[in-house]
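J.: Quick one: structure below, then a few questions.
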Amino acid sequence: MQLNIGPYALGSGRAFVIAEIGNNHNGDFERAKAMVDQAVEMGADCAKFQMRHLDQVYRQRTLHKQGEDLGTEYVLDLLERFELSVEEQRLLSDYCQEKGILYLCTPWDQRSIAVLESFGVPAYKVASADLTNLPLIDQLCQTGKPLILSTGMSTRQEVQATVDFLQQR
């Protein structure tokens, strides 16, 4: 079976190379652009980022640091510093196009999907932490675009449950 993502035919015997930038730019837009340049130089097919709207992913109590989970609060502090704005993501999408590399982005919430749809992304990559987030996966399926599922944090049963869900669609 062959699947197309942009000009690339997956399953044609050639690997699709994803430069997994994520949040490794540490919230620095110029660093993100430099990482795109490095991905192009290395011959990657796409540069993949992340987008999340924290108020969609975390409870208000957690966002206001009124919870009891210090680990989550630590992660939130990092995410707040390392997230790029929607406009910066849009500029990165344009920059990738200018440089001849696909822009992909992992959405962590439904609002991010809507934003990314306005960018015209050719496919979506689901984070391993969201493999069992069936409402999110369902909304991604509704875009009609190819999905790449990360399974790194998942058990065999979780992977199978998501496969079963997708096959029933």
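J.: Which residues, counting only those in the stretch 19-41, are buried (at least 18 other Cβ atoms within 10 Å of the Cβ) and of a type in the set (A, V, I, L, M, F, W, C)?
T.: Hits for the stretch 19-41 are Ala19, Ile21, Ala32, Met35, Val36, Ala39.
J.: If we scan the stretch 38-56, do we find a residue that is in a helix (DSSP H, G or I), within 17 Å of the chain's Cα centre (by Cα) and modelled with pLDDT of 95 or more?
T.: Yes, there is a match, as at least one residue in the stretch 38-56 is in a helix (DSSP H, G or I), within 17 Å of the chain's Cα centre (by Cα) and modelled with pLDDT of 95 or more.
J.: So, Asp69, is that one among the acidic types (Asp, Glu), exposed (fewer than 15 other Cβ atoms within 10 Å of the Cβ), under 28 Å from Thr162 (Cβ atoms) and modelled with pLDDT under 95 or not?
T.: When the stated conditions are applied, Asp69 passes them.
J.: Filter the stretch 108-145 down to the residues that are of a type in the set (Ser, Thr, Tyr) and either more than 12 Å from the chain's Cα centre (by Cα) or buried (at least 20 other Cβ atoms within 10 Å of the Cβ) (or both), then identify the one that is farthest from Glu87 (Cα to Cα).
T.: Thr132
J.: Suppose the filter is free of Cβ contacts under 8 Å to residues at least 40 places away in the same chain, acidic (Asp, Glu), out of contact with any Pro (no Cβ under 7 Å at 6 or more places or on another chain) and surrounded by 14 or more Cβ atoms within 10 Å (Cβ to Cβ); does Glu158 pass it?
T.: Spelling it out, Glu158 is indeed free of Cβ contacts under 8 Å to residues at least 40 places away in the same chain, acidic (Asp, Glu), out of contact with any Pro (no Cβ under 7 Å at 6 or more places or on another chain) and surrounded by 14 or more Cβ atoms within 10 Å (Cβ to Cβ).
The values are calculated or read from the model by the stated rules, or taken from the named source; none is laboratory data. If you're wondering where the values come from, they're calculated on a predicted model, not measured in any experiment. Glycine gets a Cβ as well: all are built from the backbone with ideal geometry, and neighbour counts include every protein chain shown.
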